[in-house]
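Okay, so here's the structure we're looking at.
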Amino acid sequence: MYPYILHSGHLFIPTFGVLVAVGLMSALALSLRTSRLVGLNSDALWNAGLFMLLSAFVLSRLLLVTTNFVNFLHYPILLLMVPSLTPMGILLTVMVTAIYLRVRHLALLTALDAWAPCATLTWMFLALGHFAEGSDPGVPTTLPWGLPIPPDTAPRLHPVPLYAAIAAAAITGMLMLGFARRRRSGDVAAAALAAAGVVQFVLTFVRQPSPYPVPLGSVLDPIQWIGLGMVVAAGVIVILPRKLVSHAV
């Protein structure tokens, strides 16, 4: 694995961080094209995307500081460098982004359609980052493409991040083709949620289980619950009348 693109003395440039940055910029660039495909102003959607990214960064850091305030007082810089995007941070980001879209008079479902392939493209780069740094390990396998882990006699593992990157790339391509068959606002977003949810659910069968206890964790893996939630959300978008969904925010 290649956890660092550059390692010289005390200078470390992590591969994961570089790939995430490239993924986010690629997603923003792609939004310029997808915005036109759904009839939105490209600059307006670009600004909304930047607002969402900045909100995720700021809110995640605020949550990190408030939940670890004593540690923050002693090691402020070190704490702020810790990856901190949590489910609560994602939820708050979604809420403030929905408010931003409403204030800017951007239709929620239309914006989600434009952002759907951008999100899966970002997912692809995130997965490649995990693959590069050797995180998100899989379960042992005898398949020839299994990843060896030190020592050489250890069993090979399923390359789960590579599976995820391939799936994310395929879904991104599918969504871009799907704009031509888009009939209603929300169709592309629903397809993205359903496809990504199914992929995440299936990948848990070759991914090492979560080491942390969670409610109902003995029934399903936490990521499986998230995958099911994504599929349910896709179903809600498809079933409910568009006006009702659009006015929900």
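The values are calculated or read from the model by the stated rules, or taken from the named source; none is laboratory data. Small disclaimer: the values here were computed from a predicted structure and weren't measured. Note: ideal-geometry Cβ built from the backbone for every residue, glycine included; neighbour counts use all protein chains shown.
Within the option set P222, P159, being in contact with a Leu (Cβ under 6 Å, 6 or more places away or on another chain), more than 18 Å from A116 (Cβ to Cβ) and at pLDDT 80 or above holds for one residue only, P159. Between Y100, Y163, the distinction of being touching a Phe, Trp or Tyr at 6+ places or on another chain (Cβ under 6 Å) and aromatic (F, W, Y) belongs to Y100 only.
Take the conditions of a type in the set (S, T, Y), surrounded by 14 or more Cβ atoms within 10 Å (Cβ to Cβ) and closer than 19 Å to L54 by Cα and apply them to T141. Does it pass? The answer is no for T141. The residues listed here are A132, A48; of these, the one that is in a helix (DSSP H, G or I) and touching a Lys or Arg at 6+ places or on another chain (Cβ under 7 Å) is A48. When each of L59, L64, L79, L24 is tested for being farther than 21 Å from H105 by Cα, modelled with pLDDT under 75, surrounded by 15 or more Cβ atoms within 10 Å (Cβ to Cβ) and not assigned by TED's automatic domain parsing to the domain that holds V188, the lone residue that passes is L79.
Checking G49, G39 one by one, the residue that is in contact (Cβ under 8 Å) with a residue 24 or more places away in the chain, closer than 17 Å to T97 by Cα and out of contact with any strand residue (DSSP E or B) (no Cβ under 6 Å at 6 or more places or on another chain) is G49 and no other. Residues of the range 225-248 that are modelled with pLDDT under 65 and either surrounded by 13 or more Cβ atoms within 10 Å (Cβ to Cβ) or in contact with a Gly (Cβ under 7 Å, 6 or more places away or on another chain) (or both): R242, V245, S246.
Do the conditions hold for A107, that is, is it at pLDDT 90 or above, small (G, A, S) and crowded, with 22+ Cβ neighbours inside 10 Å? It is false that A107 is at pLDDT 90 or above, small (G, A, S) and crowded, with 22+ Cβ neighbours inside 10 Å.
Within the range 119-137, the presence of a residue that is at pLDDT below 95, among the charged types (D, E, K, R) and under 17 Å from W46 (Cβ atoms) is excluded. For the range 86-121, a residue qualifies if it is of a type outside the set (G, A, S) and in a loop (DSSP other than H, G, I, E, B), and the qualifying residues are T86, R104, H105, L106. For the criterion of being exposed (fewer than 14 other Cβ atoms within 10 Å of the Cβ), over 30 Å from L162 (Cβ atoms) and among the hydroxyl-bearing types (S, T, Y), T97 fails.
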